[in-house]
Amino acid sequence: MAGLLLGATAPAATPGDALFAGEVPVIGLAIPPDGLQKLAKDARTFVEFTLQEPGQKALEHCSIKLKGTHGSFRQINDARPGFSIRTAKTTDQAFHGLTKFQLNNCAQDGTMIHEQLAGEIARAAGVPASRCTHAYVSMNGKLLGVYVLKEGFDADFLRPFFPDTRGHLYDGGLHTDIHPGLELDKGDPKDKNRITEFSQALREGDPAKRRDRLGRILDIDAYLRHLAVENILVHGDGYSYRANNYRVYEDPTAGKFTFILHGMDNVFGVDSWGQSSPRAYVFASPAVAPLYPGASVTAVAQALWGDKQDAALRERFRRQARVVYDQAIKGRDWPKRAEEITANLKARLLPLDAQEAGRAERRGREGVAQVRRRMEIVRTQFEDAATLDAPGGTVGLGAYLWNFAADRGELRETKLDGRDCLHLRKTAPGGQVDARLPLALEPGRYRLTATVRTRGIAGGAGFRLRLGGEGDRKDLPALSGDRDWQEAALDFTVAGGDPALVLELRAEAGEAWVDREKLRLTRLP
């Protein structure tokens, strides 16, 4: 089984360990004029250059090209291009033990710490991801500033995760799903048998045969842990949601493929999904990283979850997600680790560039706050899920991210009688106003309760609690007219799938206030 699982021994020492323990090297890139011209014409072609580091022997005959895609790519003449670097493949030419690494320009990570921390979280969960540190970079005497230095995908990278590093390693590319034409990072380019088999298994028409074939070519548990980590990190630009930013390795020992995390400069619930939200959303809607992958359009998710009612597969994912949580999140202080990364970067930069050190501290402080919010959210919801495993378990839903929709009305956050409320109001007859919370719940019986105040509700079905997809039911309890604060309840049964809880105002006129603090979900006997 790929990755370091609970109880596994620590990985052996590898090249670069000292570098990734907190060093911030000062790197000078000496690219000759003809190399600059070649990069200006073709950014993806390697050109020769010399890597310089104060007090160290210059590394000559290295290779460099530009890296990045739509959001992060910068031309060689821009202020901060990103680079992929290869040193000459001899022992004395390695850079701090590395022969392959990247310098990321942080164009999509203003904090400059997200990718490093995300990689550490993934590795703590036994999910393959690169190690990172920072570097202070100049090019031909021009200061470029702080970059994230990230180890490349080679045998040294693979060694902590796989007993045999001689397998095929593929680059998923930009929004490119599994197929035989994936770019090869290492391995025999003529041998496409296994990647072809993987691609064909994903497209097998018979569901039973498809899962059997996948089980023989894909480490499914490792994939589920990879998916859980991407959800926890809100890695919306990764494989699980965009078939982007990933590698996949064919482990010769197991004879199966394993996914590798990549491109984690846009994580912890910011940027990819808009502003960071204080509301909880591990178990929330597909737009904000659901725990279960029903919204994923990737080939692997569709092949596995073509039948969303598969209770055994859902439970298998639940177990692997819990392994990730117990091993990598529970009991660990990741905000403190983010503070340590920021403090180390500031301390290393101060003797070099006080202005850059101050900038790093300010950016890091923002990143620490984002990590703290996200970790609080994740812990709350994993513990809530455990609470709901037992009959009688009750959790609050007020802190969750409810999705708003208003047809001829409005829905907003407000305060009333000292309570934090969701305010639903009709502005014209017809249509409806509702707040929805999709949840990943185990099969069983549940009760949703809410404390509600209404004013002037008339016509239609009034205010009510319901499940998504049951909008035409006539037997649901409803509130109308003018009512002071009172409790409303909805009992329901989950047999499979992910239900959406709905707070609905379907009336010709009126308004309702729902006390966030009193929104509760209880597991019934």
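The values are calculated or read from the model by the stated rules, or taken from the named source; none is laboratory data. If you're wondering where the values come from, they're calculated on a predicted model, not measured in any experiment. Virtual Cβ from ideal backbone geometry, glycine too; neighbours counted across all protein chains shown.
Checked against the criterion of being closer than 20 Å to Pro391 by Cα and buried (at least 20 other Cβ atoms within 10 Å of the Cβ), segment 450-460 has at least one qualifying residue.
Of the listed requirements (1) crowded, with 19+ Cβ neighbours inside 10 Å; (2) closer than 27 Å to Arg523 by Cα; (3) of a type in the set (D, E, K, R), Lys426 misses just one: (2).
Residues that are of a type outside the set (Gly, Ala, Ser), modelled with pLDDT of 95 or more and out of contact with any strand residue (DSSP E or B) (no Cβ under 8 Å at 6 or more places or on another chain): does segment 86-106 have at least one? Within segment 86-106, none of the residues are of a type outside the set (Gly, Ala, Ser), modelled with pLDDT of 95 or more and out of contact with any strand residue (DSSP E or B) (no Cβ under 8 Å at 6 or more places or on another chain). Going by the conditions given, is Leu437 closer than 15 Å to Leu411 by Cα and assigned by TED's automatic domain parsing to the domain that holds Arg408? The answer is yes for Leu437. Note on segment 141-243: enclosed strands (runs of 3 or more DSSP E) holding 3 or more residues that are under 23 Å from Ile113 (Cα atoms) are 142-151.
The strands (runs of 3 or more DSSP E) found wholly in segment 422-525 and carrying at least 2 residues that are out of contact with any Pro (no Cβ under 7 Å at 6 or more places or on another chain) and small (Gly, Ala, Ser) occupy 444-458, 481-494, 509-515. Out of Asp237, Asp212, report the one residue that is of a type in the set (Asp, Glu) and in contact with a Gly (Cβ under 8 Å, 6 or more places away or on another chain). Step by step, each of Asp237, Asp212 is checked, and only Asp237 is of a type in the set (Asp, Glu) and in contact with a Gly (Cβ under 8 Å, 6 or more places away or on another chain). Pairs meeting the criteria (first residue in segment 383-410 and under 17 Å from Ala500 (Cβ atoms), second residue assigned to a strand (DSSP E or B) and among the acidic types (Asp, Glu), beta carbons under 7 Å, at least 6 apart or on different chains) are Ala405/Asp434. Checked against (1) in contact with a Cys (Cβ under 7 Å, 6 or more places away or on another chain); (2) within 29 Å of Met264 (Cβ to Cβ), Gly28 passes all but a single condition, namely (1).
Go through segment 150-166 and report how many residues are surrounded by 21 or more Cβ atoms within 10 Å (Cβ to Cβ) and in contact with a helix residue (DSSP H, G or I) (Cβ under 8 Å, 6 or more places away or on another chain). Summing the residues that are surrounded by 21 or more Cβ atoms within 10 Å (Cβ to Cβ) and in contact with a helix residue (DSSP H, G or I) (Cβ under 8 Å, 6 or more places away or on another chain) in segment 150-166 gives 2. The residues on offer are Ala228, Ala208, Ala201, and the sole one that is buried (at least 24 other Cβ atoms within 10 Å of the Cβ) and under 17 Å from Leu313 (Cβ atoms) is Ala228. Please work out if Ala79 is among the hydrophobic types (A, V, I, L, M, F, W, C), surrounded by fewer than 19 Cβ atoms within 10 Å (Cβ to Cβ) and modelled with pLDDT of 90 or more. Against the criterion (among the hydrophobic types (A, V, I, L, M, F, W, C), surrounded by fewer than 19 Cβ atoms within 10 Å (Cβ to Cβ) and modelled with pLDDT of 90 or more), Ala79 does not qualify. Considering segment 412-423, the residues that are surrounded by fewer than 21 Cβ atoms within 10 Å (Cβ to Cβ) and touching a Phe, Trp or Tyr at 6+ places or on another chain (Cβ under 7 Å) include one that is farthest from Val502 (Cα to Cα), namely Leu416. So, Arg516, is that one more than 20 Å from Cys421 (Cα to Cα) and under 39 Å from the mean Cα position of the chain (by Cα) or not? No: the conditions fail for Arg516.
Does Thr176 satisfy the condition of being free of Cβ contacts under 8 Å to residues at least 24 places away in the same chain and either polar (S, T, N, Q) or surrounded by 22 or more Cβ atoms within 10 Å (Cβ to Cβ) (or both)? Judged against the criteria, Thr176 is not a match. The residue list Leu224, Leu233, Leu261 contains one member that is of a type outside the set (S, T, N, Q) and farther than 30 Å from Gly364 by Cα, which is Leu224. May I ask you to list the residues in segment 52-88 that are in a loop (DSSP other than H, G, I, E, B), over 26 Å from Asp109 (Cα atoms) and in contact with a helix residue (DSSP H, G or I) (Cβ under 7 Å, 6 or more places away or on another chain)? Thr87, the sole residue that qualifies.
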